[in-house]
Amino acid sequence: MATVTESIDEAANAARKAEEEEKPPGWGTDDRIAFSKETGKYLQQNDDGSEMEWHPKLKAWMPVVRTSLPPAEPNLLQSLVKDSFLQSRSMTMN
C-alpha cells in the first residue's frame with residue numbers, strides 16, 4: 001500500500017505529465033508560439049499573418065477564424081457617397 005507522501009508524489013507527477021502533454025510542439029523554442037491569458041490557449045502566429053490555435057485533445061493546430069470585423073473608417077461612407085456623386089456628375093457633363 002502506498003503512503004500518503006507517495007500518493008501525493010504520484011499525483012504531482014501525473015499533473016506535470018498532463019500539463020506537458022497539453023503544450024504544443026515547439027513551445028519554449030519557437031518564437032511564433034505564445035500562450036494567451038485571455039483565451040487560455042496556445043497561439044501560433046504564421047509568417048503570412050494568420051494564426052493557429054493548439055487543440056490538445058486533437059494534438060493539432062487549427063486555424064483561427066475571426067468573426068468580428070475591424071472598426072470602419074468613420075468617414076468611409078461619406079467619402080464613398082461623395083466619390084459616387086462626383087463620378088455620376090462628371091459622366092453627365094461629358
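FYI, it's all coordinate maths here, none of it is from the lab. Please read all numbers here as calculations on a predicted model, not as lab measurements.
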Item to check | Backbone HN-Hα couplings from phi across the stretch 29-46 [Karplus 6.51/-1.76/1.60, Hz, Gly and Pro as x] | outcome: 10, 9, 5, 7, 9, 9, 9, 8, 5, 5, 9, x, 10, 8, 10, 10, 8, 7
Checklist entry - Given H placed 1.01 Å from N in the peptide plane, which residues other than close sequence neighbours of Lys41 have an amide H under 5 Å from its amide H? => result Ser36
